[in-house]
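Below is one structure, written out as structure tokens; comments come after it.
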Amino acid sequence: MKITVVGVGYVGLVTGVALAEIGHEVICFDVDKVKIGLLQKGKSPIYEPAIEEYLKRQLKNNQISFTTDSTIAIENAEVIFIAVGTPSNSDGTANLNYLKLATIEIARNMRQPIVIVIKSTVPVGTNEYLKSLIEKHTDVDFDIVSNPEFLREGQALHDTFNGDRIVIGSESNWAADKVETLYKPLEIPILKTDIRSAEMIKYASNAFLATKISFINEIANLCEKTGANVEAVSVGMGLDQRIGKYFLNAGIGYGGSCFPKDTKALVQLAGNVQHDFELLKSVIHVNKNRPYLLLEKLYKRIPTLTHKNIAVLGLSFKPNTDDVREATSFVIINELLKKGATVIAYDPICIKKAKPHLPKEVLYAYNIEMAIKDADAIVIVTEWEEIKQFPLKDYKTPQNKPIIFDGRNCYSLLEAQQADVEYHSMGRPSIYREKSQSGYMP
């Protein structure tokens with residue numbers, strides 16, 4: 001099929017490249033000339049494992065192209081995917097301005113009957129509103145389909161080709177069948193439903209996953225106060241098939257472009273229909289406090305941070321992405337600077353993207369060794385594989401034994417004992433050696 005993708009951000013680019021990979025003829029449209037220029041050269045504006053490999057292959061095969069000309073992008077399309085951003089407004093509601101502009105642009109350039117597929121995450125009822133908006137700007141026949149994405153940043157291509165389900169919401173059986181046919185080569189289970197249910201499935205899924213994260217983090221707090229080990233608790237819980245093992249890793253909370261935005265939007269949506277979503281409000285509150293709990297451990301151990309060097313390892317909100325939206329690293333770094341610390345930050349991918357969002361006082365290192373060289377303390381924020389594989393014993397030198405605060409539980413307690421380091425993590429006993437006695441003490 002001839003496919004157009006409007007909005008070449010994270011979701012749009014992955015969608016376009018994947019559809020080209022399974023044989024469709026794809027045109028990607030965006031108003032950002034710099035971004036389109038990079039993509040035309042086979043360079044991805046985002047970091048995502050393997051994305052450039054797929055991009056270059058499909059450019060070479062003439063299966064995908066990129067343009068800033070909306071007429072070229074839209075006039076011959078059979079199916080148009082809209083994947084523009086829906087960021088949060090100051091009150092937590094979803095900002096639909098980009099979506100409105102995109103739909104109007106599509107309506108003005110439609111020349112033949114078409115299926116318009118909304119990939120953007122939108123509040124319940126938005127697709128119906130967009131349908132009425134398009135009808136005001138065109139007489140061409142069209143159908144609208146809600147097709148939410150469930151991609152994990154850092155594993156988006158894998159998730160596209162190996163997803164658990166594809167959700168198609170539409171009031172038109174013909175349009176739903178056309179989108180199902182489009183996805184058929186992926187051989188992924190498809191759920192067809194009404195539009196409003198499809199919209200809700202996206203929000204409900206993200207809210208539930210966020211709830212699991214905040215729940216295990218609350219259990220981690222209890223573990224610290226009772227002497228239990230949250231790692232063992234997580235394993236024991238996850239073996240129950242009704243619960244499952246995923247999203248039960250204690251840490252310093254979720255970030256990124258989805259969970260914070262979507263949980264707030266769902267709370268606002270509930271409020272709009274006079275429903276007080278108390279559980280989700282608590283999930284958001286718990287998550288907001290997580291970085292501060294790690295900082296409390298550090299302040300308790302090092303009460304005065306003036307003239308102290310603190311290495312912060314990891315800036316992206318999660319590994320395998322350069323996305324720094326709602327990153328806990330920003331909270332931690334800003335708080336450390338307020339306390340008078342000197343912050344040396346390292347991330348294997350996203351230093352360039354992080355710099356504009358951080359105070360100019362932050363220093364940057366270009367490998368782990370450089371970051372920790374003279375550190376009084378080390379704060380691990382992102383569980384990059386490079387950081388997880390860095391030997392704990394190498395954090396100390398003959399001249400320096402920094403205190404390690406691991407916000408992602410990257411190392412086992414046994415490793416910390418064997419490495420002879422002072423090690424504090426989340427929901428587990430701390431490891432340190434008392435001067436007055438041998439052995440490790442929690």
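For this structure, a couple of remarks:
- Subset of segment 407-428 [of a type outside the set (Lys, Arg), closer than 25 Å to residue 319 by Cα and in a loop (DSSP other than H, G, I, E, B)]: 407, 409, 410, 411, 412, 421, 422, 425, 426, 427
- Every test in (1) part of a helix (DSSP H, G or I); (2) out of contact with any strand residue (DSSP E or B) (no Cβ under 7 Å at 6 or more places or on another chain); (3) surrounded by 14 or more Cβ atoms within 10 Å (Cβ to Cβ); (4) at pLDDT 95 or above is passed by residue 269 save one, and that test is (4).
Okay, residues lined up against (1) in the same structural domain as residue 409 (by TED's automatic domain parsing); (2) assigned to a helix (DSSP H, G or I); (3) crowded, with 22+ Cβ neighbours inside 10 Å:
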| position | (1), (2), (3) |
| --- | --- |
| 221 | no, yes, no |
| 228 | no, no, no |
| 243 | no, no, no |
| 253 | no, no, yes |
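- Here residue 103 qualifies as more than 18 Å from the chain's Cα centre (by Cα) and of a type in the set (Ser, Thr, Tyr).
- With respect to (1) surrounded by fewer than 20 Cβ atoms within 10 Å (Cβ to Cβ); (2) within 19 Å of residue 87 (Cβ to Cβ); (3) at pLDDT 95 or above; (4) not charged (D, E, K, R), the lone exception for residue 263 is condition (1).
- The residue of segment 61-96 that is surrounded by the fewest Cβ atoms within 10 Å (Cβ to Cβ), among those that are closer than 28 Å to residue 352 by Cβ and at pLDDT 95 or above, is 68.
- Selection of segment 385-401 for residues being surrounded by fewer than 21 Cβ atoms within 10 Å (Cβ to Cβ) and either touching a residue at least 40 places away in the same chain (Cβ under 8 Å) or of a type in the set (Ser, Thr, Tyr) (or both) yields 385, 397.
- Cβ-Cβ contacts under 8 Å between residues 6 or more apart (or on different chains), taken from a first residue in segment 87-103 that is on the phi > 0 side of the Ramachandran plot to a second residue that is aliphatic (A, V, I, L, M), are listed as 92/265; 92/267.
The values are calculated or read from the model by the stated rules, or taken from the named source; none is laboratory data. From a predicted model like this one, the values you see are computed outputs, not experimental measurements. Positions of Cβ are generated from backbone atoms using ideal geometry, with glycine treated the same way; all protein chains shown enter the neighbour counts.
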